[in-house]
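Shown next, in structure tokens, is the structure this report addresses.
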Amino acid sequence: MQTLRAMTFNLGGGEKNFTGSPEQTKNKSEALIQLLEEIRPDVLGVQEIAHYIDADGITHSMVDCIHTEGGFQHAFYGETLSMKRHMQVKKDLMVNGLFNDWWDWSKGNALFSNIAFSRLGDISKTGVPRNVPLFQPTSYEGSRDTDPRYVILSRLKQAPYPFVLNLHLTTLVGERGKNAWSEVVDAARITRSRQISGLISLIEKHILIPKLPMILMGDFNATAEEYTLREMLERDHGIIQLKPQEDIATHPKAGTVDHIYFYPASRLENYTCFVVNTPLAREISDHLPIVADITFQ
């Protein structure tokens, strides 16, 4: 039996751009570290975390900040987008980076843990998580429509050796808000369903069929009622949502799009799940974090 506190948090609107004043960036970083000290998750998955390398070759990284000041023993960064690989003049941040003499800038997902990572196939040996693409555009055009999308695949080196996955799925320009276009909404849902289909292909043989424990979390850019999650994850494959105790939207426009899931139900003993709806959390991002205390076999 094992109990883990898992937390997922999209830092978008907070630290992803490094375009605010140094004082503003410092304040947000300090707020994030304070929040982590209060919640003390065993495993943390974040999305839209970024770093850049300045003209003197110094790396400014939120991953390093969380790893060291957040008190985590283990960290992994999975890059999804970078200036070197995806330079696009339509992307203001990349253009500003050039004229600020950045050598590089990147963003992606990251996973932090107080339990060591094992190899995916050999739990007796220490390993490194893998960054697996779910969507790679033919060319990056500088907008979220063509953002590459990845999932971090990891396994914890402590019995019962659960897999922990952290992902960020697609949302399209024009999908959100009262003026959303129905055809864009449909296209976004189809895109996410393809990404979930890719996720299932990744884990079916090695996790789902043998019924190994798995925690799946991240920003799905979809509410739990969307077909992509309700049918493809829950109905078709028995990957169950850990529902927060209170109905609090994790994003002001999109609703509750950040989730934590567990598999299989037969190994889940009990859980509590909640949205961190505090002034401190709201200082950091336009998303709210979700936390789940999970006891499983």
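What area, in nm² and to one decimal, does the C-alpha convex hull of the range 103-234 cast on average over all directions?
Mean shadow area of the hull around the Cα atoms is 10.2 nm².
Amide H to amide H under 5 Å from residue 239: which residues, 5+ apart in sequence or cross-chain, H placed 1.01 Å off N in plane?
Long-range HN contacts for residue 239: 234.
What's the lysine pair count for the chain at a Cα cut-off below 16 Å, pairs eight or more apart or interchain?
Values: 16/26; 16/28; 16/91; 16/107; 84/107; 91/107; 125/157; 178/253.
Pairs that pass both the separation and distance tests number 8.
List 295, 146 from most exposed to least, where exposure is judged by having the fewest other Cβ atoms within 10 Å.
By the 10 Å Cβ count, ascending: 295, 146.
Cα-based Rg of the chain per 2.2 N^0.38 Å, rounded to two decimals?
Computed over Cα atoms of the chain, the ratio equals 0.96.
Could you order peptides 251-258, 4-11, 34-41 by the average number of other Cβ atoms within 10 Å of their residues, highest first?
4-11, 251-258, 34-41
Going by how many other beta carbons lie within 10 Å of each one, how would you line up 102, 181, fewest first?
Ascending Cβ contact count within 10 Å gives the list 181, 102.
Sort 94, 1 so the one with the fewest other Cβ atoms within 10 Å of its own Cβ comes first.
Placing the least packed residue first, the sequence is 1, 94.
What are the ³J(HN,Hα) values, in whole Hz, obtained from phi via the Karplus relation 6.51 cos²θ - 1.76 cosθ + 1.60 with θ = phi - 60°, for each residue of the range 66-75 in sequence order, with x given for Gly and Pro?
Each residue's phi maps through the Karplus curve to give 5, 4, 8, 7, x, x, 8, 7, 9, 8 Hz.
Rounded to whole Hz and in sequence order, give me ³J(HN,Hα) for the range 242-258 from the Karplus expression 6.51 cos²θ - 1.76 cosθ + 1.60, θ = phi - 60°, writing x for Gly and Pro.
Values, residue by residue: 8, 7, x, 5, 10, 8, 10, 5, 8, 9, x, 9, 8, x, 8, 10, 9 Hz.
Each reported figure results from applying straightforward, stated rules to the coordinates on display, with no laboratory input. This one's a predicted model, so the numbers in the text were calculated from it and none came from an experiment. Ideal geometry is used to build each Cβ from the backbone, glycine not excepted, and the neighbour counts take in all protein chains shown.
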